[in-house]
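Everything below concerns the one structure shown next.
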Amino acid sequence: MPSPSDLSPLWVLTGPTACGKTAVALDLARHLPLEIISVDSALIYRDMDIGTAKPTPEERSQVPHHLIDIVEPTERYSAARFVADAERLITDIRARGRVPLLVGGTMLYLKALLEGMDEMPAIPPDVRAEVDERMRTRGSVALHAELAQVDPETAARLAPGDTQRIQRAIEVWQATGRPLSSFQQRSREGTALRRPAVVVSLEPADRAWLHRRVAQRYEQMMTAGLVDEVRALRARPELNADLPSMRCVGYRQVWEALDAGLDLDNPAVLAEVTERGVAATRQLAKRQVTWLRSMPDRHVVVCDQGDSPATLSEKVRAAFTTPHPAP
């Protein structure tokens, strides 16, 4: 966590996927001396450009971007590692006389940075390997039911298809004999330090608008070559469907279709797989909105009223630059 001398509020631009965060952040950078720190658990991976809606090289040339393309798809990247990387970058950016702007929708990362993290147990490699195997053979729904028996609090907040977090919770239980929720007690009791921040969230008033945006963007990804991108990743012997990178929404649906031997050159089959990806992305957006609603201090900027990115940027900039009470 930051030292008491470095507690000036952070600027955070968040919101559900496909709400227009990138365009607004780029417009903000035209008016303010910003550097962008990505808060996105998919943008960290190299060679995963289309399905992550990664900012283009041209967009990244307009303003410095950080925490994009920093790990290989074979690697695991945790919230704790994000916090360490983000804290270092915040210090460095401020030392250059510029303003760090955190942009993204991975709410677990954002919560860890702003509210602090509990000390989590290390997982022995043999436990991780054993739970990996059970996840492969039994699936996430079965392990979710198992988790509900030993840690009902964590199971209640995880969807049965949330493979990565279900696996993590089972690993913690097996390694320690304690539920994951018990390690999070300190934060719930309010003893964790809080990182002061101005959190601005782009949110639609009409969920149907976001659903249309999600569908349009995923269809654009498919047109841009997402299937070929996944084929290239799948051809790499060191990658497999159980890695966190390959569980990313959109990639997972295409990988599963290829594993099933589906003919993705057939337009009807491709349309069906596209719809699966759209549905999964909509579920992700729904989870993000639920997270956001648990943050009552956020400043909501409605993003589905026909405003241009420049107009939305003006509203976001006003929220950031209006004086706020000292923490």
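The values are calculated or read from the model by the stated rules, or taken from the named source; none is laboratory data. As the structure is a prediction and not an experimental result, all values here were calculated from the model. Quick reminder, even Gly has a Cβ in these numbers, built from the backbone with ideal geometry, and neighbours come from all protein chains shown.
Points to keep in mind about this one:
- Evaluation of GLY105 against (1) free of Cβ contacts under 8 Å to residues at least 24 places away in the same chain; (2) under 20 Å from the mean Cα position of the chain (by Cα) (one fails), failing number: (1)
- Residue list for region 162-206, restricted to those being under 21 Å from VAL316 (Cβ atoms) and at pLDDT 85 or above: PRO196, ALA197, VAL198, VAL199, VAL200, SER201, LEU202, GLU203, PRO204, ALA205, ASP206
- Restricting attention to region 250-272 and to residues that are under 19 Å from GLN216 (Cβ atoms) and free of Cβ contacts under 8 Å to residues at least 40 places away in the same chain, the residue that is surrounded by the fewest Cβ atoms within 10 Å (Cβ to Cβ) turns out to be PRO267.
Table: residues versus (1) surrounded by fewer than 17 Cβ atoms within 10 Å (Cβ to Cβ); (2) in contact with an Asp or Glu (Cβ under 9 Å, 6 or more places away or on another chain); (3) outside the structural domain of MET246 (by TED's automatic domain parsing).
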{"position": "ARG136", "(1), (2), (3)": "yes, yes, yes"}
{"position": "GLY139", "(1), (2), (3)": "yes, no, yes"}
{"position": "LEU147", "(1), (2), (3)": "no, no, yes"}
{"position": "PRO152", "(1), (2), (3)": "yes, no, yes"}
{"position": "ARG157", "(1), (2), (3)": "yes, no, yes"}
{"position": "ASP162", "(1), (2), (3)": "no, no, yes"}
{"position": "ARG165", "(1), (2), (3)": "no, no, yes"}
{"position": "THR176", "(1), (2), (3)": "yes, no, yes"}
{"position": "PRO179", "(1), (2), (3)": "no, yes, yes"}
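- Enumeration of residues in region 207-241 that are among the small types (Gly, Ala, Ser) and modelled with pLDDT of 95 or more: ALA208, ALA215, ALA224, GLY225, ALA232, ALA235
- Hits in region 139-173 (condition: of a type in the set (Val, Ile, Thr) and free of Cβ contacts under 8 Å to residues at least 60 places away in the same chain): VAL141, VAL150, THR154, ILE166, ILE170, VAL172
- Hey, THR22 within 17 Å of the chain's Cα centre (by Cα) and either on the phi > 0 side of the Ramachandran plot or in contact (Cβ under 8 Å) with a residue 60 or more places away in the chain (or both) or not: yes
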